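Engineer: Take this structure first; my questions come after.
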Number of protein chains: 2
Amino acid sequence: MEKQTTIKDIAIALRLSTSTVSRALRDAHDIKQDTKKAVKELAEKLDYQPNKLALSLLNRQTHTIGVIIPNLDYVLSTMVKGIDEVALEAGYTVMVCQSDESFGREIVNTKRLLDSLVDGFIVSVSSETKVFEHIRKIQQKKIPLVLFDRVVNNIDCPKVRLDNVAGGIQATQHLVDQGYKKIAILAGPENLNISNKRMEGYLQTLKLNGLKVDNRFIIHCDFNQQYAYEATKELLAMRNPPDAIFTISDRMAIGAMLAIKEKGLSMPGDIGLVGFNNEPVTSLVSPSISSVEMYSFEMGKATAKLFIEMLHSEDAMQPAEIVIKPKIFVRESSLRIPLKKTKS
Amino acid sequence: MEKQTTIKDIAIALRLSTSTVSRALRDAHDIKQDTKKAVKELAEKLDYQPNKLALSLLNRQTHTIGVIIPNLDYVLSTMVKGIDEVALEAGYTVMVCQSDESFGREIVNTKRLLDSLVDGFIVSVSSETKVFEHIRKIQQKKIPLVLFDRVVNNIDCPKVRLDNVAGGIQATQHLVDQGYKKIAILAGPENLNISNKRMEGYLQTLKLNGLKVDNRFIIHCDFNQQYAYEATKELLAMRNPPDAIFTISDRMAIGAMLAIKEKGLSMPGDIGLVGFNNEPVTSLVSPSISSVEMYSFEMGKATAKLFIEMLHSEDAMQPAEIVIKPKIFVRESSLRIPLKKTKS
DNA sequence: GAAATTACCGGCACCGTTCCCGGTACGGTT
DNA sequence: AACCGTACCGGGAACGGTGCCGGTAATTTC
């Protein structure tokens, strides 16, 4: 690593003081045109770059955002892309840490970013996380914090999230409209907010349509294709099995689909299937899978925007909450009755 | 943002000098047991965290790695995951910047990370990048650099890459073994090394098996499902169309598959298809698509390991090159003659 | 022609930490 | 009593940059 040219080098070369050089470079007051020009020319020639560390030390800000996410799957990659784009635009660099759905690593990541002195945090908690002391610690230090996607109820801060209840409603209502009557749900881990909200929508819709809630049809499993596959096998092996399945993610929908095919059942005939996230894969498999779009990219951008606003408004902001509206994309896996609207 | 407790605070509270406190905290020489204990206890109580910026300014290192990648697709996310894991272990934090396959943004990202004073770079160039001055600039400043995945030939530095020629050979030879004789290739942009190398393997294999190379069957298009779809339609519309297609990525394979299906042709009967990357989607579609696995996660880990080694060995290392061996996973889209080995 | 104003530059402190060196107090040696 | 060694601590500089204040010379003002 070569030594960078500093303001001092320029000062010595031009027989000036460092303060004068500094002023010249920043077009500040108290500076003669000639000297300013000379300084700028030499700076250009020596490829001078101001040392960010020195500035950060002085100004107590690093222009860096710490992003903590549980993994880098399709949805979160897309969100990170959105965050990145907005952050870059605003002059911030992003540090992404994956907790890999592990509570322990989430804490380690928080510590790391905390003493990297990031200007703030954008966090989506892991599915393992049930205690939030590490998040509270961020708040205690008065460091800006925005939660997104997997938000937590009892933490008071700006949030960006999907209207998950609406998503659950859309998926379930669609299945009801298609004539399915025994609708099962493959939900995520029990403490996961997004999962519970989607389930809430599911339950609401069943009740609204006068359908009985069958507890055997509510299954909690990991966000994982394999688990979903096995859970579906169990569902289908029941005495009075469901005629439709709503899964909380597309990966789970794929797992369910494999189990359904293995059993020799048809979609949408024997079983209806709706997933969540609207990943590209849903339109590639056969039958294509209906899924709820959650506009990840926009959500990422909205999160970063909210965060930047917060940072610039300096002091206490009333905790805003941005709620993105989901939208179901109907495909073959659940379409028994032709729709009026064009399908995607 | 609250003021952090500094070494000075402790010094004042204990009526000591900052140097003494510093020594106490680092278990250094010249320190009485009692004072050391007192300092450490107070530090604990005040939740003292050493200021990394000050340290970085002093030691001229930030313990940060700049990673530049063209996007966050399946392959690269997986690689980043590998890099992240190893880096974290070694005490480094990763700054990921996506160029979004844009040359301009790649340069911007380089600049940004450069004046963020990262300790080194791990780079995979965008498909647009044909000029490498920005990379050279990194080298001129004697900043450690490792290229991975999309490496560049005429840059002299450690590299981690796939044996792309071998990948092309495996894919093509497999198609030949299955009795296909008119094999087309959907390659990437012309200047992209990985694409050319895979094509080299393709050409070699054709020659080795005494098959004629038909230039109409060599198509360059973007790494993109839509382009691949259209290119395939053109291929199939030819007077003497190919009987097999080798695509340089799985996304392209999907595009090709859609065109093949649309034309009413069957796989593997009428047309054989082999993709690249071995993304999960290949085994989810019907027919499942044969694909060449490139061990992205391992590649990411290997890259980070090489990088860390380089960083620790301090001075000039002979540019190592780690070459990962690919492996084809045969599936329905190209399997006409049963294999001896078990398929995946 | 003395005073006030202006234009321009340098010195110093500071951000938080470490390193090098010098100093003091105390005990033991001769 | 003079000397040496050891144990412990503090002062100052440095990393790279900025802000404040003070100073000097030239120019303007009455």
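The values are calculated or read from the model by the stated rules, or taken from the named source; none is laboratory data. Predicted model only: the values in this text are computed from it and were never measured. No Cβ is skipped: glycine too gets one built from the backbone with ideal geometry, and neighbour counts run over all protein chains shown.
Condition check ((1) within 12 Å of another protein chain (Cβ to nearest Cβ); (2) within 22 Å of B:Ala304 (Cβ to Cβ)) across all residues:
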position	(1), (2)
B:Ile107	no, no
B:Asp115	yes, no
B:Val125	no, yes
B:Glu128	no, no
B:His134	no, yes
B:Leu145	yes, yes
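Engineer: In the list A:Val108, A:Val67, which residue meets the criterion of being under 32 Å from the mean Cα position of the chain (by Cα), surrounded by fewer than 17 Cβ atoms within 10 Å (Cβ to Cβ) and not basic (Lys, Arg)? So that I can check it myself, show each step before the final result.
Structural biologist: Working: A:Val67 fails: surrounded by fewer than 17 Cβ atoms within 10 Å (Cβ to Cβ).
Testing whether each residue is under 32 Å from the mean Cα position of the chain (by Cα), surrounded by fewer than 17 Cβ atoms within 10 Å (Cβ to Cβ) and not basic (Lys, Arg) leaves just A:Val108.
Engineer: Taking A:Thr20 and the conditions (1) more than 13 Å from DNA strand D (Cβ to nearest atom); (2) away from chain B (no Cβ under 14 Å), which numbered condition does it fall short on, given that it satisfies the others?
Structural biologist: The single condition A:Thr20 does not satisfy is (1).
Engineer: Of the residues A:Lys327, A:Lys301, which is under 14 Å from the mean Cα position of the chain (by Cα), at pLDDT 95 or above and not hydrophobic (A, V, I, L, M, F, W, C)?
Structural biologist: Working: A:Lys327 fails: under 14 Å from the mean Cα position of the chain (by Cα).
Result: A:Lys301 is the single residue among A:Lys327, A:Lys301 that is under 14 Å from the mean Cα position of the chain (by Cα), at pLDDT 95 or above and not hydrophobic (A, V, I, L, M, F, W, C).
Engineer: Picking from B:Glu101, B:Glu89, which residue would you name as being more than 16 Å from DNA strand C (Cβ to nearest atom), closer than 24 Å to B:Asn278 by Cα and out of contact with any Lys or Arg (no Cβ under 9 Å at 6 or more places or on another chain)? So that I can check it myself, show each step before the final result.
Structural biologist: Working: B:Glu89 fails: closer than 24 Å to B:Asn278 by Cα.
Every option except B:Glu101 fails the conditions.
Engineer: Within segment A:7-23, can you find the residues that are closer than 15 Å to A:Lys40 by Cβ, among the polar types (S, T, N, Q) and near DNA strand C (Cβ under 7 Å from one of its atoms)?
Structural biologist: Taking segment A:7-23 as the starting set, the residues that turn out to be closer than 15 Å to A:Lys40 by Cβ are A:7, A:9-11, A:13-14, A:16, A:20-23.
Within this subset, residues satisfying the condition of being among the polar types (S, T, N, Q) are A:20, A:22.
Residue satisfying the conditions is A:Thr20 alone.
Engineer: Looking for something under 30 Å from A:Glu101 (Cβ atoms), within 16 Å of DNA strand D (Cβ to nearest atom) and within 11 Å of chain A (Cβ to nearest Cβ) - is there at least one such residue anywhere in segment B:51-59? Give the derivation first.
Structural biologist: Within segment B:51-59, the subset under 30 Å from A:Glu101 (Cβ atoms) is B:52.
This time we only want the ones that are within 16 Å of DNA strand D (Cβ to nearest atom), so: B:52.
Add one more test, that the residue is within 11 Å of chain A (Cβ to nearest Cβ), and what stays is B:52.
The answer is yes; a qualifying residue exists.
Engineer: Sort out which residues of segment A:77-89 are within 9 Å of another protein chain (Cβ to nearest Cβ) and out of contact with any Ser or Thr (no Cβ under 7 Å at 6 or more places or on another chain), and write them in order of number. Write out each step before concluding.
Structural biologist: Residues of segment A:77-89 within 9 Å of another protein chain (Cβ to nearest Cβ): A:77-78, A:80-81, A:84-85, A:88.
Correct list: A:Val80, A:Lys81, A:Asp84, A:Glu85, A:Leu88.
Engineer: Same structure, new question: Only one residue in A:Ala304, A:Ala237, A:Ala244, A:Ala259 is out of contact with any helix residue (DSSP H, G or I) (no Cβ under 8 Å at 6 or more places or on another chain) and not aromatic (Phe, Trp, Tyr). Which one? Spell out the reasoning first.
Structural biologist: Values: A:Ala304 fails: out of contact with any helix residue (DSSP H, G or I) (no Cβ under 8 Å at 6 or more places or on another chain); A:Ala244 fails: out of contact with any helix residue (DSSP H, G or I) (no Cβ under 8 Å at 6 or more places or on another chain); A:Ala259 fails: out of contact with any helix residue (DSSP H, G or I) (no Cβ under 8 Å at 6 or more places or on another chain).
Result of the check over A:Ala304, A:Ala237, A:Ala244, A:Ala259: A:Ala237.
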